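Data first, discussion second: the structure below is written as structure tokens.
The values are calculated or read from the model by the stated rules, or taken from the named source; none is laboratory data. A quick note: this is a predicted structure, and the numbers were derived from the prediction, not measured. As a convention, Cβ positions derive from the backbone with ideal geometry for all residues, glycine included, and neighbour counts pool all protein chains shown.
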Amino acid sequence: MNENYKNVKIVLVEPAGPINIGSVARVCANFGVKEIRLVAPKCDPNEISARKMALKGINLLDNALYFSTLIDAVQDCDRIIATCGRIDHGQIPLHSTKNALKWLVETELKEKVAIIFGREDRGLTNEELLIAQKVVSISTSPKYPSLNLSHAVAIILYELTNVDNKDTNINNKLKDHKRASQKELNNCLQQAKEFLLEIGFLYKHTASSRMSKIKSLLQRADIRSEELSLLRGILRQTKWFIDKKDN
């Protein structure tokens, strides 16, 4: 198995077609991926049509992990890439597949990485895209950009075979780098949102869009757990000081 696949988790969000799920399982088996995660599937992944399509990927279907939310599905993953086929992704920056995938595999042996694929008909929402540290888009004809789910998975996994990570210094860079989990990040952002609303920096009708920009900034910064703890401590102390002064 190509070492680039050793810790990769393929995450499918609300897949609607059992044939597509079976085809993804087959593709994952082709490339040596060991785990598929399904977020709130809209069909039965074990339908006979899915199992027929899976062929030697049948074990991946049998052992697929199920989650009710995307946050839960990637909670234990250190590096996350999301795929986007839409042109209306707001100000979320798109990365080249080559650079994003190289970044994805520059991990220590114990780290888990995830590649997220969205719904067949409408992909991932902007809120879901912001769960990932990097977002990629597969280059296709602008006249017909939509790809079949299993085709998109196949292209990304094939691209992964061509990533050369021989020159990375990752073992030296990441020994003490514990990335913040999505739960930690969301908790921090919720605390920040409540505080910024309270002091009037945010307004209810624009809070979501402005917090999305802050989340995107923190994702790109590859922020660590201890750094988030520092930010939360600043927020708590500032709120305490304001409350004390008012009293």
Next on the checklist: If I go through the range 16-54 residue by residue, how many of them are in a loop (DSSP other than H, G, I, E, B), among the aliphatic types (A, V, I, L, M) and more than 28 Å from Asp78 (Cβ to Cβ)?
Outcome noted: 1
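Residues of the range 191-213 being over 17 Å from the mean Cα position of the chain (by Cα), assigned to a helix (DSSP H, G or I) and closer than 20 Å to Ile92 by Cα, which ones?
At the first step, the residues of the range 191-213 found to be over 17 Å from the mean Cα position of the chain (by Cα) are 191-211.
If we keep only those that are assigned to a helix (DSSP H, G or I) as well, we get 191-198, 207-211.
Residues satisfying the conditions are Lys193, Ala207, Ser208, Ser209, Arg210, Met211.
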Checklist entry - Is the range 41-50 home to any residue that is among the hydrophobic types (A, V, I, L, M, F, W, C) and surrounded by 18 or more Cβ atoms within 10 Å (Cβ to Cβ)? => result yes
Checklist entry - Can you tell me which residue in the range 64-89 is modelled with the lowest pLDDT, limited to those that are assigned to a loop (DSSP other than H, G, I, E, B) and under 21 Å from Asp222 (Cβ atoms)? => result His89
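Within the range 23-40, identify whether any single residue is of a type in the set (Asp, Glu), modelled with pLDDT under 95 and farther than 16 Å from Ala152 by Cα, and answer yes or no. Let's see the steps before the verdict.
Let us first name the residues in the range 23-40 that are of a type in the set (Asp, Glu), namely 35.
If we keep only those that are modelled with pLDDT under 95 too, we end up with none.
No, the conditions are met nowhere in the range 23-40.
So, in the range 1-15, of the ones that are assigned to a loop (DSSP other than H, G, I, E, B) and at pLDDT 95 or above, which residue ends up farthest from Ser68 (Cα to Cα)?
Step one: filter the range 1-15 for residues assigned to a loop (DSSP other than H, G, I, E, B), giving 1-2, 6-7, 14-15.
Remaining after also requiring at pLDDT 95 or above: 14-15.
Values: Glu14: 9, Pro15: 13 Å.
If we take residues in the range 1-15 being assigned to a loop (DSSP other than H, G, I, E, B) and at pLDDT 95 or above, then Pro15 is farthest from Ser68 (Cα to Cα).
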